[in-house]
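The values are calculated or read from the model by the stated rules, or taken from the named source; none is laboratory data. Only a predicted model underlies this, so the values are computations on that prediction, with no experimental measurement involved. Using ideal geometry, Cβ is built from the backbone for each residue, glycine included, and neighbour counts are taken over all protein chains shown. Accessible surface is based on the protein model in full, side chains and every heavy atom, while ligands, DNA and RNA are left aside. Shrake-Rupley method; radii C 1.70, N 1.55, O 1.52, S 1.80 Å.
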Amino acid sequence: MKVLTIDASYNKEVNLNDELFNYLKQNNYKKIVLFASVQFVNHLDSVKTQFKTFDNNIKIITIKPSRTHKEGQLLGCDLYENNLNLNNEWNEIDCFLYIGDGLFHPKALLFAQKEKDKNEFKEILMFDPIANKLSSLKHEDNEKVMKRLKGNLMKLLASDTIGFIATIKPGQSFLYLEKKLKEKYPNKKIYVFLTDNITENILEPYTFIDVWVNSACPRLGFDDAEHMRVSMINIVDALRAEEVLTKLDF
Amino acid sequence: MNYDLELDKVSKYVKEKEAKLVCIQLPDGLKQYSKSIVDELEEKTNSKVIIWLGECFGACDIPLGLDQMKIDLLVQWGHNLFHKAEWSKLGDGLE
């Protein structure tokens with residue numbers, strides 16, 4: 001079977017507005033990492049041109065995160081710092097600017113900064129070209145999700161029984177990571193579960209599981225986990241639970 | 001409609017690949033356009049077009065088992081090519 005993907009690109013112009021430019025000026029943001037969802041990524045050249053007209057001293061950086069196909073594109077799953085491929089530039093940049101609608105994609109940039117304190121945190125500006133509106137995500141917007149993550153990690157360390165979840169989706173399928181989990185927690189009993197879609201309802205019958213470790217979509221361990229009655233942690237965080245706990249400043 | 005569904009491109013691709021049975025997969029925000037997509041593709045090609053009823057969370061989320069249903073082509077809107085992360089790139093500082 002062949003697969004064809006269609007970007008569904010935004011088919012109108014993207015025009016930055018004074019609200020955005022004034023905000024950058026007020027905050028003295030001069031070095032900006034630019035991202036967009038796939039619907040808006042083809043407009044980033046136009047956005048860069050508008051910045052040159054506004055202030056030629058502003059440096060715009062575009063990078064290609066691990067799983068994306070185009071430079072400047074952001075996926076909701078690129079939510080660990082090294083997924084962003086920013087390398088050593090973190091301390092040099094002033095903020096992120098996301099072009100697009102909705103919160104799903106820019107929240108990846110929020111979660112990528114979970115181990116940054118208030119001083120290290122880079123504000124995430126979001127410009128929605130459809131609504132012509134500017135909004136932002138700040139360090140405190142991570143608080144609820146990270147408090148839950150902190151609680152889940154503590155529960156993991158104290159648990160006796162772990163449910164490890166892998167999915168058969170082509171872009172995921174990390175069944176083999178159960179071995180790493182077993183190496184990390186040799187004294188805990190690990191049951192392995194395989195599915196094609198994860199919802200909280202399918203987990204509820206397994207009441208003998210203390211905590212779930214997820215190797216599928218990493219958003220499950222963050223904003224989805226915040227609302228779950230069961231405890232769920234991403235495999236990446238489960239494997240370095242103690243270190244993550246020491247860095248969570250919430 | 002703020003987004004380009006590129007139906008001419010899709011029709012051309014369907015004909016080029018001689019796909020007789022096509023499955024379309026749309027994220028929630030575009031599902032409302034499935035009727036017009038099916039109508040137009042069936043009109044412009046000789047193919048039967050069916051709609052994936054389930055989720056479409058991303059390009060990582062290709063439905064499984066379509067080969068068994070003799071689907072020739074899956075068209076997914078709203079995403080582009082997905083590069084599955086290797087383990088070393090999954091998270092911070094892990095090997």
Checklist entry - Are any of the pairs A:K70/A:K150; B:K12/B:K35; A:K150/A:K180; A:K107/A:K184 more than 27 Å apart by Cα-Cα distance, and if so, which? => result A:K70/A:K150; A:K107/A:K184
Item to check | Angle in degrees between helix A:143-158 and the longest Cα principal axis of chain A, rounded to the nearest 10 | outcome: 20
Next on the checklist: Can you give me the distance in nm between label points at B:D8 and A:E143, each placed 7 Å from the Cα along the Cα-to-Cβ direction?
Outcome noted: 5.3
Checklist entry - Who wins for biggest fluctuation among A:K138, A:K107, A:K12 in a Gaussian network model of chain A, springs between alpha carbons below 10 Å? => result A:K12
Next on the checklist: Checking the cross-link filter: which aspartates and glutamates have an alpha carbon closer than 17 Å to that of B:K70, excluding same-chain neighbours under 8 positions apart?
Outcome noted: B:E18
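Net charge near A:E143, counting Lys/Arg +1 and Asp/Glu -1 over other residues with Cβ under 12 Å of its Cβ?
Taking every Cβ under 12 Å from that of A:E143, the sum is +3.
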Next on the checklist: Between the range A:28-45 and the range A:203-245, how far is it from one alpha carbon centroid to the other, in angstrom?
Outcome noted: 31
Next on the checklist: Give me a comma-separated list of calculated 3J(HN,Hα) values for the range A:210-216, in order, Karplus coefficients 6.51, -1.76, 1.60 applied at θ = phi - 60°, integers in Hz, x for any Gly or Pro.
Outcome noted: 7, 8, 9, 10, 9, 10, 8
Checklist outcome for this item: Counting only backbone N atoms under 18 Å from a point 7 Å out along Cα-to-Cβ of B:K35, the residues of the range B:47-64 in range are B:49-53
Next on the checklist: Quick one: 3J(HN,Hα) in Hz for the range A:74-81, Karplus 6.51/-1.76/1.60 with θ = phi - 60°, rounded, Gly and Pro as x.
Outcome noted: 10, 9, x, 8, 8, 10, 10, 3
Next on the checklist: Tell me which of A:V211, A:L79, A:H105 sits at the most positive position along the dipole axis of the protein assembly as shown, charges placed on C-beta atoms (Lys, Arg +1; Asp, Glu -1).
Outcome noted: A:V211
Checklist outcome for this item: Residues whose built amide H sits under 5 Å from the amide H of B:I51, excluding neighbours closer than 5 in sequence, are B:I24
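Counting DSSP beta bridges in the protein assembly as shown, what percent are antiparallel, to the nearest 5?
15
Under the rule a/c < 1.5 gives rounded, and otherwise a/b versus b/c splits prolate from oblate, where does the protein assembly as shown land using the Cα gyration tensor?
Oblate.
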Next on the checklist: Using +1 at the C-beta of Lys and Arg and -1 at the C-beta of Asp and Glu, which of A:Y10, B:L5, A:I162 has the Cα lying farthest in the positive direction of the dipole of the protein assembly as shown?
Outcome noted: A:I162
Item to check | Only Lys, Arg (+1) and Asp, Glu (-1) charged, at Cβ; the range B:36-89 dipole about Cα centre in debye | outcome: 220
Checklist outcome for this item: Note to self, chain A gives a 222 nm [θ] from helices alone (DSSP H runs n ≥ 4, -39500 (n - 2.57) apiece, / all residues, nearest 500) of -7000 deg cm²/dmol
Next on the checklist: Please list, by residue number, everything in the range B:1-25 whose backbone N is under 11 Å from a paramagnetic label point 7 Å out along Cα→Cβ of B:I51.
Outcome noted: B:24-25
Checklist entry - Expressed as an acute angle from 0 to 90° and rounded to the nearest 10, what is the orientation of the C-alpha long axis of helix B:7-16 relative to the principal long axis of chain B? => result 80
Checklist entry - Of A:K59/A:K118; A:K25/A:K122; A:K64/A:K169; A:K64/A:K138, which pairs sit farther than 27 Å apart, going by alpha carbon to alpha carbon? => result none
Item to check | Estimated inter-spin distance, A:D117 and A:Y176, nm [label 7 Å along Cα→Cβ] | outcome: 3.9
Checklist entry - What is the gain in length, in nm to one decimal, between A:K189 and A:R240 on full extension, counting 0.36 nm per residue of separation less the C-alpha to C-alpha distance? => result 16.6 nm
Next on the checklist: Relative contact order of the range A:16-91, please, whole-number percent, based on alpha carbon pairs below 8 angstrom and at least 6 residues apart.
Outcome noted: 29
Item to check | Unit charges on C-beta of K, R, D, E only; dipole of the range A:1-140, Debye | outcome: 200
Checklist entry - Given the options A:G171, A:G72, A:G102, which has the most mean-square fluctuation in a GNM of chain A, springs set between C-alpha atoms less than 10 angstrom apart? => result A:G171
Item to check | Residue-averaged [θ]222 nm for chain B, counting only DSSP H segments that reach four residues, each worth -39500 (n - 2.57) | outcome: -6500 deg cm²/dmol
Next on the checklist: Could you tell me the calculated FRET efficiency between A:K31 and A:K133, based on Cβ-Cβ distance and R0 = 25 angstrom, to the nearest 0.05?
Outcome noted: 0.60
Next on the checklist: Once neighbouring chains are kept in place and the probe is 1.4 Å, which whole percent of the accessible area of the protein assembly as shown is contributed by carbon and sulfur?
Outcome noted: 48
Checklist outcome for this item: Computed ³J(HN,Hα) along the range A:111-123: with the Karplus parameters 6.51/-1.76/1.60, θ = phi - 60°, integer Hz and x for glycine or proline, the list is 5, 5, 9, 5, 9, 9, 7, 4, 6, 8, 5, 9, 4
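When Lys and Arg each count +1 and Asp and Glu each count -1, what net charge do the other residues less than 9 Å away from A:K169, Cβ to Cβ, add up to?
-2
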Item to check | Normalised contact order of the range B:1-89, rounded percent, pairs of Cα under 8 Å and 6 or more residues apart | outcome: 38
Checklist outcome for this item: Between chains B and A, the summed loss of accessible surface on complex formation, probed at 1.4 Å and reported to the nearest 100 square angstrom, is 4000
Checklist entry - Mind checking the dipole of chain A: about its Cα centre, +1 per Lys or Arg Cβ, -1 per Asp or Glu Cβ, Debye to the nearest 20? => result 440
Checklist entry - If you average the sequence gap of Cα pairs under 8 Å that are 6 or more apart and divide by the length of chain A, what percent do you get for the contact order? => result 16
Next on the checklist: Counting heavy atoms of the protein chains only and a 1.4 Å probe, report the per residue accessible area for the protein assembly as shown as a whole number of Å².
Outcome noted: 47
